[in-house]
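Taken together, the values in this text are just the output of simple stated rules run on the coordinates, not laboratory data. Please read all numbers here as calculations on a predicted model, not as lab measurements. Please note: Cβ atoms are built from the backbone with ideal geometry, for glycine as well, and neighbour counts cover all protein chains shown.
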C-alpha cells in the first residue's frame with residue numbers, strides 16, 4: 001500500500017463505463033459515478049476516495065488491485081451505465097482488492113424517473129456488504145428525491161460535466177445549463193447550489209470584469225435559494241463568501257455544517273483550510289489540506305494551491321515554492337499564483353527564473369486587461385479582498401516581492417495600513433470613512449454639476465468604456481498624490497469609481513485621497529456597471 005489503510009471500511013469508485021449506443025452519454029455515466037461517490041461521502045462510517053483521484057484512471061487499462069494499492073483502500077466499486085431513451089441499466093461490481101475477488105456483481109434496471117432509487121440500491125448493497133454503521137441521521141431516508149423532473153437532473157449532470165473542466169468558458173456554459181435545470185424545476189435546490197458554485201468561481205477568477213460583477217450579484221440570490229434545502233455544497237459556498245466578507249465566525253459555522261453533511265468530501269477540508277488561513281491559522285490550515293490529500297491522493301490544483309498558501313503564510317518558503325511550481329506546471333492562469341511564487345523566490349534569495357515569471361504574469365495581466373505586477377497590486381487583491389486576509393500574510397507577500405525586485409507602483413508614499421484603515425467591509429458592502437457613498441442618480445447629478453470623476457481601472461478597461469469626462473488614474477500605475485492634484489485640489493469635490501459594487505479599487509482610491517487630506521470625497525460604489533445598467537451614456541476610446 002502506498003498509503004496506510006483507514007480504520008473504517010475504505011472504497012474507491014472507478015468511473016463507470018458508458019455502454020450506451022450514444023457515445024455522447026458519457027456525461028451521464030460520469031454523473032452517475034460522481035453521485036455514487038457523493039452519496040457514499042455523506043456516510044461517516046466509511047472512507048471514500050474523492051472523484052478527482054478515481055477519475056484519473058478513466059479510460060486506462062488498470063487492475064483493481066493496483067488502484068487499491070495506489071489509493072490506499074480495501075474495496076473497489078466498478079461498473080457500467082447503459083441509457084437507452086428513458087431506460088437506465090447499471091451494472092456494478094464490488095471487489096475486495098486485498099483478497100482479489102468479487103464480493104458481488106449486480107444489475108439494476110429502471111427508468112429515468114427512478115434514477116435516484118437505482119443509486120440508493122447500489123449504495124444500500126455496499127453498506128450492507130461492508131457492515132457500515134450508520135448514524136441515526138444517516139438512516140433517515142429523505143422523504144422526497146432531490147428533483148422529480150428527470151430532465152432537470154440530466155441537465156444538471158451536463159452542467160457539472162462542463163464545470164469540472166475548470167476554465168472560464170466552460171464555467172459560463174455550466175452556469176447556463178444549471179439555469180436551465182432551474183427552469184425545468186424551480187425548486188431544485190442542488191441546481192441552485194451548483195449555479196452558486198459557478199457564480200462563485202466566476203466572481204473571484206473571471207478575466208471579464210463585467211462578467212465577474214454580474215456573477216457576484218447573482219451569487220447571493222442563488223445561494224439563498226440553495227440554502228432553503230441546503231446541501232453540503234451550499235454550505236461550502238456560503239463559508240467561502242462569509243470568509244471573503246471577513247465574517248470568520250459565521251464561515252466556520254457554515255463549513256462545519258458542510259462537513260457534517262459530507263465528512264469525506266475533500267473540498268470541505270480545503271474550504272476549511274481557506275477560512276483558517278484567512279483568519280491567521282495557517283498551521284491548522286495545512287493539516288486540513290493534508291486530510292484532503294489523503295481522501296484525494298491525486299489532488300486538484302485548488303488543493304495544491306491551498307497547501308502552498310498555508311506554507312507561505314507560515315514562512316515555509318521552500319515548501320511553498322515547491323507547491324506553487326506544481327500548481328503553475330498545471331498551466332494556472334491565476335495571477336496571484338505567479339505573484340506568490342515570485343515572492344517566495346524573493347524570500348529565498350533566488351534570482352533564477354524570477355524575470356521569466358514576472359514576464360508571464362504581465363502577459364496574463366495584459367490578456368485580462370489588468371495591470372503589470374507591482375508590490376502595491378498584490379496588496380489590493382490577493383485571492384480575494386485583502387480586507388478578509390490575515391494582514392501579516394499580506395506583509396510577507398509584499399516583502400518577498402520587494403526582495404525579488406518587483407516595482408512598488410504609484411502612490412506608494414502611503415503604506416497599505418495608512419489608508420486601508422479607512423475601509424470597512426460589512427456583510428459584503430464596502431464603506432470608506434470620511435467619504436460620501438453615492439448611488440447612480442447622485443453620481444449623474446454630480447457629473448452634470450461638473451464634479452471631476454476619477455476612473456481607477458486599468459487603462460484598457462477605461463478605453464473599452466467609461467463615464468463622460470472621467471479621468472483615468474489607474475489605482476496601480478496612475479494614482480498618486482501628484483496626479484490627483486492635477487485633477488482636484490484637497491478642498492474640491494472628487495468622485496472615485498471602478499467596475500462595480502464588488503470592485504475594491506475605488507474604495508482604496510477614495511481612502512488614499514482621505515489619507516492625502518482631501519475633504520470632499522465621493523465613493524461611487526456601483527461604478528461602471530451600475531451606470532451602464534441604467535443606460536446612461538458611455539465614452540469608448542478609439543486608439544489610432
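Assorted remarks:
- Rounded to the nearest 10 degrees, the angle from helix 115-129 to the longest Cα principal axis of the chain is 60 degrees.
- Fewest-first ranking of 431, 10, 343, using other Cβ atoms within 10 Å as the exposure measure: 431, 10, 343
- Cβ-based exposure ranking for 540, 46, 342, 394, in which fewest neighbours within 10 Å come first: 540, 394, 46, 342
- At 1.567 mPa s and 4 °C, Stokes D of the stretch 328-436 from Kirkwood alpha-carbon radius, µm² per second: 87 µm²/s
- Share antiparallel - DSSP beta bridges, the chain, percent rounded to 5: 60 percent
- Note on the stretch 225-319: Cα Rg divided by 2.2 N^0.38 Å, N the number of residues, gives 1.04.
- Stokes-Einstein diffusion for the stretch 416-533, with the hydrodynamic radius set to the Kirkwood value over Cα pairs and evaluated at 25 °C in a medium of 0.890 mPa s, equals 177 µm²/s.
- Mean separation of Cα contacts under 8 Å, 6 or more apart, over the residue count of the stretch 389-476: relative contact order %: 19 percent
- With Cα atoms, 0 to 90° folded angle of helix 505-515 axis to the chain main axis: 40 degrees
- Sorted by Cβ density within 10 Å, fewest first, the residues 498, 503, 393: 393, 503, 498
- Taking N as the residue count of the stretch 243-377, its C-alpha radius of gyration divided by 2.2 N^0.38 Å amounts to 1.11.
- Spin-label pair residue 534-residue 351: with each label point 7 Å from Cα along the Cα-Cβ axis, the two points sit 5.4 nm from one another.
- Shown here are the Rg and Dmax of the Cα trace of the stretch 149-229, at 11.7, 35 Å.
- Using only alpha-carbon positions in the stretch 10-141, the gyration tensor eigenvalues give semi-axes of 22, 19, 13 Å once each is multiplied by 5 and square-rooted (largest first).
- Against the main long axis of the alpha-carbon atoms of the chain, helix 248-261 sits at an angle near 20°.
- P(r) tail fraction, the stretch 38-81 - alpha-carbon pairs more than 16 Å apart, %: 39 percent
- The stretch 317-391 and the stretch 487-544 have Cα centres separated by 27 Å.
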